[in-house]
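Undergrad: Handing you a structure now.
The values are calculated or read from the model by the stated rules, or taken from the named source; none is laboratory data. No experiment lies behind these values; they were computed from the predicted model shown. Every residue, glycine as well, gets a Cβ built from its backbone with ideal geometry; the counts of neighbours run over all protein chains shown.
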Amino acid sequence: MNVRRLLESWPVYRQLSGADPLGRGAAAESARSEAMQPRTATADRVAKSICPYCAVGCAQDVFVAHEKVIQIEGNPDSPISRGRLCPKGSASKQLVTGPQREQKVLYRAPYATEWTHLDLDTAMEMVVDRVLDARAKGWQEHDDQGNRLRRTMGIAHLGGATLDNEENYVIKKLYTALGAIQIENQARV
């Protein structure tokens, strides 16, 4: 390799002698970087989503190839986050693709030491039965003076800050319809 070629292969030389004095373009390129392509280039489609971690509501672009999530990035069109994500939001792909993600419903019976798998329909029926049972056991139709209450003290709800206003509205309506009065949100605590 001659000296001229050797010098031209050196990024600092290309930066100082070429048209890219800040080293942000051609001066920083190498044979390896020229052959690279973004992970998102192979995506079949981009789904729009919201980061699930906090109440800020940063918009995300979820890149999907062959019905599998391949990358999650901030949505630059978002007026909230303008394409930026915090470290937790940037790592949210692991929520979908991580090996620690449970794919089946797990249930541990009272006093049991092992978890068992349940189908989703059975688990949902168990939840419904327990909610209705707690509602009935804690139901108060009237107080000591005969005033009509129509409430339950058997159900309480503490929401999380990852829910947006619309989700909190629907949850409030659900628990109010059940007769619960102890409804709070972590964002207010």
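Undergrad: Sort out which residues of the stretch 58-85 are outside any strand (DSSP E or B) and either over 22 Å from Gln186 (Cβ atoms) or under 12 Å from the mean Cα position of the chain (by Cα) (or both), and write them in order of number.
TA: Within the stretch 58-85, Cys58, His66, Glu67, Asn75, Pro76, Asp77, Ser78, Pro79, Arg82, Gly83, Arg84, Leu85 meet the criteria.
Undergrad: Have a look at Ala27, Ala41, Ala55 and point out the one that is part of a helix (DSSP H, G or I), surrounded by 12 or more Cβ atoms within 10 Å (Cβ to Cβ) and out of contact with any strand residue (DSSP E or B) (no Cβ under 7 Å at 6 or more places or on another chain). Spell out how you get there, then give the answer.
TA: Working: Ala41 fails: surrounded by 12 or more Cβ atoms within 10 Å (Cβ to Cβ); Ala55 fails: part of a helix (DSSP H, G or I).
Within the list Ala27, Ala41, Ala55, the selection yields Ala27.
Residue-wise test of (1) more than 25 Å from Cys54 (Cβ to Cβ); (2) within 22 Å of the chain's Cα centre (by Cα); (3) assigned by TED's automatic domain parsing to the domain that holds Ala59.
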| position | (1), (2), (3) |
| --- | --- |
| Gly89 | no, yes, yes |
| Glu102 | no, yes, no |
| His117 | yes, no, no |
| Leu132 | yes, no, no |
| Leu158 | no, yes, no |
| Asp164 | no, yes, no |
| Asn168 | no, yes, no |
| Gly179 | yes, no, no |
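Undergrad: Quick check on the stretch 58-87: of everything there that is loosely packed, with under 14 Cβ neighbours inside 10 Å and touching a residue at least 24 places away in the same chain (Cβ under 8 Å), which residue is farthest from Thr162 (Cα to Cα)?
TA: Lys68
Undergrad: Next question, about the same structure. In the stretch 140-173, what count of residues is obtained for those that are surrounded by 15 or more Cβ atoms within 10 Å (Cβ to Cβ) and in contact (Cβ under 8 Å) with a residue 40 or more places away in the chain?
TA: The total comes to 3.
Undergrad: For the stretch 56-72, state whether one or more residues are of a type outside the set (S, T, N, Q) and modelled with pLDDT under 85. Show your work before the answer.
TA: Here is the first cut: in the stretch 56-72, the residues of a type outside the set (S, T, N, Q) are 56-59, 61-70, 72.
Filter once more, so that each one left must be modelled with pLDDT under 85: 56-57.
Within the stretch 56-72, one or more residues are of a type outside the set (S, T, N, Q) and modelled with pLDDT under 85.
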